[in-house]
Amino acid sequence: MQQVRSHLEIADLVVKHFREPLTAQEQAALQAWIDASPVNHRLWEQLQQDSFLLQQMASLPDEDKVLAAWESLQPQLEKQPGHAGYRKYAAAALIVVLLGAGIITYLRHAPVSKQAAPLAAAQHMPAVIVPGNNKARLLLGNGRVVELKDSLEQEITEADGTRVKSRAAVLTYHNNTAAAAPVYNTLETPRGGEFRVVLPDSSVVWLNAASSLRFPTRFNGTTRKVYLTGEAYFEIARNKQQPFIVTTNGIAVTVTGTKFNVKAYPDESYINTTLVEGSVQLTQTAVAGGKPVQLQPGYQGVWEHRQIDVQEAYLEEALAWKNGLFVFRSEPLGSIMRKLSRWYDVDVSYTSAAVPALRFTGTIRKYESIQKVLDMLELTQKVTFKINGKNISVAGSTH
C-alpha cells in the first residue's frame, strides 16, 4: 500500500505540474523522484512527448481498465479541451501504470461519462513513431523465450541452477553451485529496444538496439567468451587468469578488465572497437595469419576491408547511444538513418543514390521525437523527409 500511495502522490504532482505551478516543496518532491533513478528520469522525459503519451495509452494491455479510466477522465477533459487537458490527465494515468500500480481509481470521484473513450479513436490512428525504450527478449538454454521490460520484475531458474533476475531493465545472473557444463543464454534487443545485463562474473554489458549477446550462465575454463552481434558497451570485471573475449563476425576482442564499446552491426561495412579505459587486443578471426593489434585508451580499432586500422577515437560520438544522445560528426546520412531506423523502428528509403552520402554534424537527445531529429537535419537545407506510417522517404533538397 505504501508503494501505491507513493505512485499516486507522484501522479498527483504530475497532474498539477501540467495544470499550474508547483510549490517549492512540491517541485522538490517531484525532482527528487525524477533524480532517484535513470528509469524515472527517462519516464519524465517521455511524458513531455505527445507521441509517447498517445502510443502508450493505445497499447495498454487491460482494455477494460483503460476504458474505465478514460470514462472517468472524460468529464475532466471536456472542461479543458485541447492539448493541455489531454496531456495532464494522460500523463497522470500513464505514470501510475508505468510505475506498476495499474490504472486505479484515483479519480474515482469524477462522474462517469457514457461517451465513447478517446482511446477507441486513438486505436484507429496511423502508427506513431516513438523513441525506443528498455525491452528485450531472453532465449534460455531449453529454447524458451522470455520477454523482458523495465516495468516487469521476473525471476527464472536455469537448468544448471543459475538464478536469473530481471528488474528495472537490468538482467542479473547468480549461481552458488559448481557445474560441469554451463547453459548458454542469448539476450536480444529488437529495433527500438535496449537492455543491460550483469554477467555471472559481475561484468556489465549495455546492449544497444537490434543487437544480441550470447553468453554462458557461468564462466568455466580458462577464458570468459561471449558472442556479439550489433553494438554493446562493456565494463569487464578484472581477472588476469581468465581473459574476457568478445567474438564478432570478423574480430575477437580480448581483455582482462577494462571499459570499451564494440559496434558490429551486419548492415555496416566495418566493426569498431573503442577503448575507454584499460587495454584490449584485437585479433582478426576472418583472416588467417593476421597480427593482433593492441589498443590504448582513447583509441579505436576499425576492422574494414579485412584489416584493422587504429585511429584516435571521439569518445562522445562513440558512446553517445549509451549516454542518451545522437552525436553526428560529419557523418554520412546513410549511417545516421541506420541509427534512427534501429532506435525508432522505422524503414528508410531514398529518392536518389547520392543522398546517403550527404554529411551532417549535430547533437540531439535520442529520447526526442523523431520529428525533432529530422527537423534538425532539414535545417541544413540539404535534405527533406516524408513520413508515411513507419516509413521515411529521404530526398535531397532542391534549395
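The values are calculated or read from the model by the stated rules, or taken from the named source; none is laboratory data. A quick note: this is a predicted structure, and the numbers were derived from the prediction, not measured. Cβ sites come from the backbone with ideal geometry, for glycine too, and all protein chains shown count toward neighbours.
At a glance:
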item: Filter pass, residue 279 being buried (at least 18 other Cβ atoms within 10 Å of the Cβ) and either polar (S, T, N, Q) or assigned by TED's automatic domain parsing to the domain that holds residue 347 (or both); result: no
item: Any chance residue 242 is in the same structural domain as residue 210 (by TED's automatic domain parsing), in contact with a strand residue (DSSP E or B) (Cβ under 6 Å, 6 or more places away or on another chain) and in a loop (DSSP other than H, G, I, E, B); result: yes
item: Selection status of residue 301, small (Gly, Ala, Ser), in the same structural domain as residue 257 (by TED's automatic domain parsing) and in contact with a strand residue (DSSP E or B) (Cβ under 9 Å, 6 or more places away or on another chain); result: yes
item: Qualifying residue in the stretch 392-399 (condition: in contact (Cβ under 8 Å) with a residue 12 or more places away in the chain and under 26 Å from residue 44 (Cα atoms)); result: no
item: Any chance residue 336 is closer than 19 Å to residue 270 by Cα, surrounded by 15 or more Cβ atoms within 10 Å (Cβ to Cβ) and of a type outside the set (Ser, Thr, Tyr); result: yes
item: Filter result (at positive phi and within 24 Å of the chain's Cα centre (by Cα)) within the stretch 376-399; result: 389
item: Failed item in (1) surrounded by 14 or more Cβ atoms within 10 Å (Cβ to Cβ); (2) part of a strand (DSSP E or B), with residue 147 passing the rest; result: (1)
item: Single residue of 235, 231, 268 found to be touching a residue at least 12 places away in the same chain (Cβ under 8 Å), crowded, with 21+ Cβ neighbours inside 10 Å and of a type in the set (Asp, Glu); result: 231
item: Conditions (1) part of a loop (DSSP other than H, G, I, E, B); (2) at pLDDT below 95; (3) surrounded by 16 or more Cβ atoms within 10 Å (Cβ to Cβ); (4) of a type outside the set (D, E, K, R): number failed by residue 308; result: (1)
item: Which numbered condition residue 342 fails, given (1) more than 14 Å from residue 132 (Cα to Cα); (2) assigned to a helix (DSSP H, G or I); result: (1)
item: Residue in the stretch 313-325 that is assigned to a strand (DSSP E or B) and in contact with a strand residue (DSSP E or B) (Cβ under 7 Å, 6 or more places away or on another chain) present; result: yes
item: Residue that is modelled with the highest pLDDT, among those in the stretch 16-57 that are polar (S, T, N, Q), outside any helix (DSSP H, G or I) and under 21 Å from residue 151 (Cβ atoms); result: 37
item: Residue in the stretch 283-302 that is surrounded by 14 or more Cβ atoms within 10 Å (Cβ to Cβ), in contact with a Phe, Trp or Tyr (Cβ under 6 Å, 6 or more places away or on another chain) and either over 26 Å from residue 239 (Cα atoms) or among the hydrophobic types (A, V, I, L, M, F, W, C) (or both) present; result: yes
item: Residues that are modelled with pLDDT under 85, in the same structural domain as residue 211 (by TED's automatic domain parsing) and either touching a His at 6+ places or on another chain (Cβ under 8 Å) or among the hydrophobic types (A, V, I, L, M, F, W, C) (or both), drawn from the stretch 126-166; result: 152
item: Residue match in the stretch 350-368 (condition: more than 23 Å from the chain's Cα centre (by Cα) and of a type in the set (D, E, K, R)); result: yes
item: Output for the stretch 207-234, where each listed residue is charged (D, E, K, R) and more than 20 Å from residue 302 (Cα to Cα); result: 214, 218, 224, 225
